[in-house]
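Below: the structure, in structure tokens.
Read the figures in this text as sums done on the coordinates, not as results from a lab. Keep in mind the model is a prediction, meaning the values are calculated, not measured. No Cβ is skipped: glycine too gets one built from the backbone with ideal geometry, and neighbour counts run over all protein chains shown.
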Amino acid sequence: MLCYSPPMGRIWREAAILLAVVVVFGTVANLLPHRHMAWWGQGQEPPQAGRDFQLLDADSAYVMGESLPRTVFVDTRTAAEFNAGHIPGALRLELPSLQEMLTPELRSGLAAAQAVIIYGGSAETDIEQLLAQALRRELPALPVPYVLAGGIAAWQAAGFPLEAQP
Amino acid sequence: MRFFRNPWVYRAVAWVLGGIFLYAAIPKVLDPRPLLTIIWGYRILPPGPINLVAIYMPWLELTVGLGLISGFLRRGAAFWAFFLLTVFEAALLVNAFRGVNVACGCFSQSAEDVHNAWFLVLRDLPMWLAAAYLLFITPQSRQANAA
């Protein structure tokens, strides 16, 4: 019923051109340093709650920060967002350039942390969960990091302070 | 059948389906990393090629959207739309039969956005039919309309 003799030669030709465009753009985009990921997966499982991270609400994160002196907050947002306002004392880490950002001083600081709380700019916490998993891989002695549910918006909504970078 | 061969009906379907593809593609093109977790969640592909799919699939969706909307290489775009939606439907059906609910990755980048797999199969079905229509039906030319 549907066969109105579609021009198959033309369809194949156009499909091949589009595929070539996709290969070029996809390859160039993945060569950009800030968004590069491995071409071939290493069989790494997605992060799992309990094993790689634990979710934490804003109130608990605040109490933890106040009661444990060596609590480290990690911000996953862009530098501009971080400078505009972040949780006091937080440091900024990016998942794609984690290994370059993890200087020896930072490694020792994180290794000595009593708690690590990771937060981002969105209610979805996928990137923060992936960062928690990557940190555990880089620093096996690190306690299971917490991920702030609701991100920075939940922190602000609870009325907790932020500090801006001058 | 003449209705379906009307060029304006054909264009309208292409614009709607193209718009859906663009809407779905843009967040994935901007940041494809969350796709890794979503594709893994389907439990169909072995670990190796998951990264390749996450790198190239958003660009294919973007190209399909642009092609369907602009009309440039529209039949090729319709081919890839049909291909992608067939793969999506097959992957969702496999998980629906397994009884596993998955994060579709269609319009949300979050692996936490889990839906019933049968619901997702039904939601994608009209898009699959639209893609089949754009691929297999040839719209009537203006000359034929005038005659």
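Listed here are the residues, each with its yes/no results for (1) touching a His at 6+ places or on another chain (Cβ under 9 Å); (2) surrounded by fewer than 18 Cβ atoms within 10 Å (Cβ to Cβ); (3) at the interface with another protein chain (Cβ under 8 Å from one of its Cβ atoms).
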position: B:V9; (1), (2), (3): no, yes, no
position: B:W15; (1), (2), (3): no, yes, no
position: B:F21; (1), (2), (3): no, no, no
position: B:A25; (1), (2), (3): no, no, no
position: B:P34; (1), (2), (3): no, no, yes
position: B:G48; (1), (2), (3): no, yes, yes
position: B:L120; (1), (2), (3): no, no, no
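Counting only residues that are surrounded by fewer than 21 Cβ atoms within 10 Å (Cβ to Cβ) and within 16 Å of B:I20 (Cβ to Cβ), how many does segment B:88-106 have?
Counting residues in segment B:88-106 that are surrounded by fewer than 21 Cβ atoms within 10 Å (Cβ to Cβ) and within 16 Å of B:I20 (Cβ to Cβ) gives 3.
Quick one: which helices (runs of 4 or more DSSP H) lie wholly within segment A:7-101 and hold at least 3 residues that are more than 24 Å from A:P143 (Cβ to Cβ)? I'd like the intermediate steps shown before the answer.
On the way: elements: A:8-31, A:58-67, A:79-84, A:98-101.
Qualifying helices (runs of 4 or more DSSP H): A:8-31, A:79-84.
Give the residue, chosen from A:G85, A:G89, A:G41, A:G65, that is within 30 Å of B:I39 (Cβ to Cβ) and more than 17 Å from the chain's Cα centre (by Cα).
Numbers: A:G85 fails: within 30 Å of B:I39 (Cβ to Cβ); A:G89 fails: within 30 Å of B:I39 (Cβ to Cβ); A:G65 fails: within 30 Å of B:I39 (Cβ to Cβ).
From the options A:G85, A:G89, A:G41, A:G65, the qualifying one is A:G41.
Filter segment B:56-92 for residues that are in contact with a Gly (Cβ under 8 Å, 6 or more places away or on another chain) and not in a helix (DSSP H, G or I) and give the result.
Residue satisfying the conditions is B:L73 alone.
If you scan segment B:49-93, which residues turn out to be out of contact with any Lys or Arg (no Cβ under 9 Å at 6 or more places or on another chain), of a type in the set (G, A, S) and farther than 23 Å from B:F119 by Cβ?
B:G65, B:S70, B:A77, B:A78
When residues of segment A:144-166 are filtered for being loosely packed, with under 13 Cβ neighbours inside 10 Å and either outside any helix (DSSP H, G or I) or not small (G, A, S) (or both), how many remain? Spell out the reasoning first.
Of the residues in segment A:144-166, the ones loosely packed, with under 13 Cβ neighbours inside 10 Å are A:157, A:159, A:161, A:163-166.
So of that shortlist, the ones also either outside any helix (DSSP H, G or I) or not small (G, A, S) (or both) come out as A:159, A:161, A:163-166.
Going through segment A:144-166 one residue at a time, the tally reaches 6.
Which residue pairs have Cβ atoms closer than 7 Å, lie 6 or more positions apart in sequence or on different chains, and pair a first residue in segment A:106-127 that is within 14 Å of chain B (Cβ to nearest Cβ) with a second residue that is crowded, with 22+ Cβ neighbours inside 10 Å and acidic (D, E)?
Listed by first residue and then by second, the contacts come to A:G120/A:E128.
Could you run through segment B:57-83 and say how many residues are free of Cβ contacts under 8 Å to residues at least 60 places away in the same chain, facing chain A (nearest Cβ under 7 Å) and more than 14 Å from the chain's Cα centre (by Cα)?
Residues in segment B:57-83 being free of Cβ contacts under 8 Å to residues at least 60 places away in the same chain, facing chain A (nearest Cβ under 7 Å) and more than 14 Å from the chain's Cα centre (by Cα): 1 in total.
Check segment A:25-41 and report whether any residue there is under 30 Å from B:R75 (Cβ atoms) and among the aliphatic types (A, V, I, L, M).
First, pick out the residues of segment A:25-41 that are under 30 Å from B:R75 (Cβ atoms): A:25-30.
Cutting the leftovers down to among the aliphatic types (A, V, I, L, M) gives us A:28-29.
Yes.
Determine which member of the set A:F82, A:F73, A:F53 is farther than 18 Å from A:E163 by Cβ and either buried (at least 21 other Cβ atoms within 10 Å of the Cβ) or touching a residue at least 40 places away in the same chain (Cβ under 8 Å) (or both). Outline the logic, then answer.
Details: A:F82 fails: farther than 18 Å from A:E163 by Cβ; A:F73 fails: farther than 18 Å from A:E163 by Cβ.
That would be A:F53, the only listed residue that is farther than 18 Å from A:E163 by Cβ and either buried (at least 21 other Cβ atoms within 10 Å of the Cβ) or touching a residue at least 40 places away in the same chain (Cβ under 8 Å) (or both).
Matching residues to (1) in contact with an Asp or Glu (Cβ under 9 Å, 6 or more places away or on another chain); (2) surrounded by 14 or more Cβ atoms within 10 Å (Cβ to Cβ):
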residue	(1), (2)
A:Q99	yes, no
A:T103	no, no
A:A113	no, yes
A:G120	yes, yes
A:T125	yes, yes
A:E128	no, yes
A:Q133	yes, yes
A:A141	no, no
